[in-house]
Amino acid sequence: MPNVLVVDDSQVDRTLVGGLLKRSGGLEVSYAANGAEALEQIEKSKPDVVVTDLQMPVRDGLELVTAIRVHYSDIPVILMTAHGSETLAVDALEQGASSYVPKSQLNEKLVDTVDEVLAMARADRSYERLIRCLDRTELEFSLDNDADLTDPLIDLVQQMVAGMRICDPTGRYRVGVALKEALLNAMYRGNLEINFEQMQQAREGLLSGSDLNLIQQRRTTQPYCDRRVKVKIRIDEHEAVFTLRDEGPGFDVSRLPVPGSLGSLEPQCGRGLVLMRTFMDEVKFNEQGNEVTMVKRRETGN
């Protein structure tokens, strides 16, 4: 059973977060009151994922993320962000955190985020030795608007970026997170033209009634059902390049938040875009707004 280490200096918050995770079923939960205590526990028994607050005494969340990236890069870290901690959260994402959940959204998003990160961490490594012999690969996919196709593709990509030494295990998870955000955005927002709220609810399995019927209807009626997500992937010894193009009408790219904008950490301002920009070295859109290219360059030391 996967173990989640919850790190927070507030006993009330630790109990709250642990309760949310335990109620989901299938997760064991352990606790630490600060970053220093968390590292002591990790040394004794490695958890499968760490969920941590940012602002703590002794050793804060940013210091914890940095230490885990250096010494335990195969353990993904999820941040819990509170209002006023945006600057520290951006720094922690850049230092190696795999995802984040605003504290105001813990009830709705925490369990799903943990499940997603754990699924990516379990990516099949059966071809790892063979992939290490690969010098260059190019792949092209034409995907239906079916979210079930995203995880197998992400597993494949994670094997390749790790096997070809583009990034370490933490970087592999982060590439997977960024790619999943881009894929789902192309399917839901691009091809099916679903609004932001409906897309988030669809990902969390909260849709019902007319909203759910709308997605099902658009997946089976024209012009939506004929649209595909075109995915091009190129990986060589220097970098991995991902180009995703949907066949929807696109959007006004001038309305995108400025890269590094602290306000964009709020979910309604584009959590997926924040993760894509933070986890990839380069993210750019075409003028029509229906194609995104993301570049992950080989990390130093790999």
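The values are calculated or read from the model by the stated rules, or taken from the named source; none is laboratory data. Since we're looking at a predicted model, the values are computed, not measured. Every residue, glycine among them, receives a Cβ derived from its backbone with ideal geometry; neighbour counts consider all protein chains shown.
Name the residue, out of VAL175, VAL114, VAL161, that is outside the structural domain of PRO47 (by TED's automatic domain parsing), within 13 Å of the chain's Cα centre (by Cα), of a type in the set (Val, Ile, Thr) and closer than 22 Å to GLN95 by Cα.
Numbers: VAL114 fails: outside the structural domain of PRO47 (by TED's automatic domain parsing); VAL161 fails: within 13 Å of the chain's Cα centre (by Cα).
It is VAL175.
Go through region 62-80 and give me each residue that's aliphatic (A, V, I, L, M), in a helix (DSSP H, G or I) and more than 11 Å from LEU93 (Cα to Cα). Steps first, answer last, please.
Narrowing region 62-80 to residues aliphatic (A, V, I, L, M): 62, 64-65, 67-68, 70, 75, 77-80.
Those still in the list that are in a helix (DSSP H, G or I) too: 62, 64-65, 67-68, 70.
Listed by number, the residues that qualify are LEU64, ALA67, ILE68, VAL70.
Conditions tested, residue by residue: (1) part of a helix (DSSP H, G or I); (2) of a type in the set (A, V, I, L, M); (3) at pLDDT 95 or above; (4) within 16 Å of the chain's Cα centre (by Cα).
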position: VAL50; (1), (2), (3), (4): no, yes, yes, yes
position: GLN55; (1), (2), (3), (4): no, no, no, no
position: GLU94; (1), (2), (3), (4): yes, no, no, yes
position: LEU110; (1), (2), (3), (4): yes, yes, no, yes
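Touching a Phe, Trp or Tyr at 6+ places or on another chain (Cβ under 6 Å) and small (Gly, Ala, Ser): which single residue out of SER45, SER24, SER98 fits that description? Outline the logic, then answer.
Values: SER45 fails: touching a Phe, Trp or Tyr at 6+ places or on another chain (Cβ under 6 Å); SER24 fails: touching a Phe, Trp or Tyr at 6+ places or on another chain (Cβ under 6 Å).
Of the residues listed, the single one that is touching a Phe, Trp or Tyr at 6+ places or on another chain (Cβ under 6 Å) and small (Gly, Ala, Ser) is SER98.
Only one of (1) among the hydrophobic types (A, V, I, L, M, F, W, C); (2) at pLDDT below 90; (3) closer than 18 Å to ASN302 by Cβ is not met by MET160, so which one is it?
Of the numbered conditions (1) among the hydrophobic types (A, V, I, L, M, F, W, C); (2) at pLDDT below 90; (3) closer than 18 Å to ASN302 by Cβ, the odd one out for MET160 is (2).
Select from region 9-38 the residues that are small (Gly, Ala, Ser) and without any contact (Cβ under 8 Å) to a residue 12 or more places away in the chain and write down the one among them that is farthest from GLN55 (Cα to Cα).
First pass over region 9-38, keeping only residues small (Gly, Ala, Ser): 10, 18-19, 24-26, 30, 32-33, 35-36, 38.
When the remaining residues are screened for being without any contact (Cβ under 8 Å) to a residue 12 or more places away in the chain, the result is 19, 25.
On the way: GLY19: 21, GLY25: 28 Å.
By that ranking, first place goes to GLY25.
Using beta carbons and a limit of 6 Å, which pairs, at least six apart or on different chains, have the first residue in region 282-302 and assigned by TED's automatic domain parsing to the domain that holds ARG165 and the second one among the basic types (Lys, Arg) and loosely packed, with under 15 Cβ neighbours inside 10 Å?
Cβ pairs passing all conditions: THR293/LYS284.
If you go through region 30-49 one residue at a time, how many are more than 15 Å from VAL117 (Cβ to Cβ) and β-branched (Val, Ile, Thr)?
1
So ALA67 ticks every box in (1) touching an Asp or Glu at 6+ places or on another chain (Cβ under 7 Å); (2) under 30 Å from THR300 (Cβ atoms); (3) among the small types (Gly, Ala, Ser) but one. Which box is left unticked?
(1)
Have a look at ARG234, ARG189, ARG277 and point out the one that is at pLDDT 95 or above and either surrounded by fewer than 17 Cβ atoms within 10 Å (Cβ to Cβ) or in a helix (DSSP H, G or I) (or both). Give the derivation first.
Values: ARG189 fails: at pLDDT 95 or above; ARG277 fails: at pLDDT 95 or above.
Residue meeting the stated conditions: ARG234.
Looking at VAL111 and the list (1) of a type in the set (A, V, I, L, M); (2) buried (at least 18 other Cβ atoms within 10 Å of the Cβ); (3) in contact with a strand residue (DSSP E or B) (Cβ under 8 Å, 6 or more places away or on another chain), which single condition is not satisfied?
It fails just one condition, (3).
Does SER104 satisfy being surrounded by fewer than 17 Cβ atoms within 10 Å (Cβ to Cβ), closer than 23 Å to GLY19 by Cβ and either among the aromatic types (Phe, Trp, Tyr) or at pLDDT below 90 (or both)?
Working: surrounded by fewer than 17 Cβ atoms within 10 Å (Cβ to Cβ): yes; closer than 23 Å to GLY19 by Cβ: yes; either among the aromatic types (Phe, Trp, Tyr) or at pLDDT below 90 (or both): yes.
Against the criterion (surrounded by fewer than 17 Cβ atoms within 10 Å (Cβ to Cβ), closer than 23 Å to GLY19 by Cβ and either among the aromatic types (Phe, Trp, Tyr) or at pLDDT below 90 (or both)), SER104 qualifies.
Of the residues in region 33-48, how many are charged (D, E, K, R) and in a loop (DSSP other than H, G, I, E, B)? Step through it out loud before you land on a result.
The first filter runs over region 33-48 and keeps only residues charged (D, E, K, R), leaving 37, 40, 43-44, 46, 48.
Narrowing further to those that are in a loop (DSSP other than H, G, I, E, B): 46, 48.
Looking only at that region, the number is 2.
When the residues of region 6-28 are narrowed to those that are farther than 13 Å from VAL111 by Cα and not charged (D, E, K, R), which ends up surrounded by the fewest Cβ atoms within 10 Å (Cβ to Cβ)? Even if it seems obvious, please write down each step before you answer.
Of region 6-28, the ones farther than 13 Å from VAL111 by Cα are 7-15.
Subsequent filtering for residues that are not charged (D, E, K, R) retains 7, 10-12, 15.
Working: VAL7: 29, SER10: 12, GLN11: 10, VAL12: 8, THR15: 13.
The residue in question is VAL12.
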